[in-house]
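First the structure, in the form of structure tokens, and then the observations on it.
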Amino acid sequence: MSNKFKAEYDSENDVLFIHHSEKKSRGSIEIGPYVHISFSPSYDAIGLEFLDASKTLTSLSVPKFNFTKNFLKTLQKAFLETKVEKGLLIVRYYMFFEEKEKPLVNQLIVQSIGYRSPITATA
């Protein structure tokens with residue numbers, strides 16, 4: 001588990017941001033209208049932002065879990081694990097809450113930002 005990540009929940013705007021506390025972001029990509037992944041200059045995933053977090057996290061959770069705003073306020077810490085496999089970026093996020101003995105874990109899988117398709121013609 002990494003202690004270099006910070007989790008910030010803004011209950012007024014219902015936004016959750018999990019980010020690496022020591023790495024700078026080069027930019028981010030939008031995964032649908034409510035999820036953004038931030039990248040370092042070397043294209044490592046270093047942050048996740050969930051807009052309309054209570055609804056977005058509820059819809060993404062497997063198994064299904066109801067993330068209410070009040071529950072999200074009890075978030076104690078969170079961190080990310082990432083890996084690239086076969087051109088896919090897998091971002092697993094762990095969230096620890098006061099009311100839960102174990103972390104809630106989920107993942108996003110998207111095409112890696114540095115992926116070069118083998119069928120792309122090169123000049």
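Nothing in this text is a laboratory measurement; each read-out follows from the coordinates by a stated rule. Quick caveat, the model's predicted, so the values are computed rather than measured. Neighbour counts are summed over all protein chains in view; Cβ atoms, including those assigned to glycine, are modelled from backbone coordinates with ideal geometry.
Below are the figures for this structure:
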read-out: Answer label for volume of the Cα convex hull per residue in Å³ (calculated), chosen among (1) 141; (2) 99; (3) 122; value: (3)
read-out: Sorted by Cβ neighbour density within 10 Å, fewest at the top, the residues Leu108, Leu16; value: Leu108, Leu16
read-out: Helical mean residue ellipticity (222 nm; -39500 (n - 2.57) per DSSP H run of 4+; nearest 500) of the chain; value: -2000 deg cm²/dmol
read-out: Selection of GluC sites (Glu not before Pro), the range 1-76, meeting DSSP coil and at most 16 other Cβ within 10 Å; value: Glu12, Glu22
read-out: Nearest-20 debye value, the range 5-111 charge dipole, Cβ charges on Lys, Arg, Asp, Glu; value: 280 debye
read-out: 10 Å Cβ shell holding at most 15 others, DSSP loop, trypsin sites (Lys or Arg not before Pro): longest site-free stretch of the chain; value: 27-63
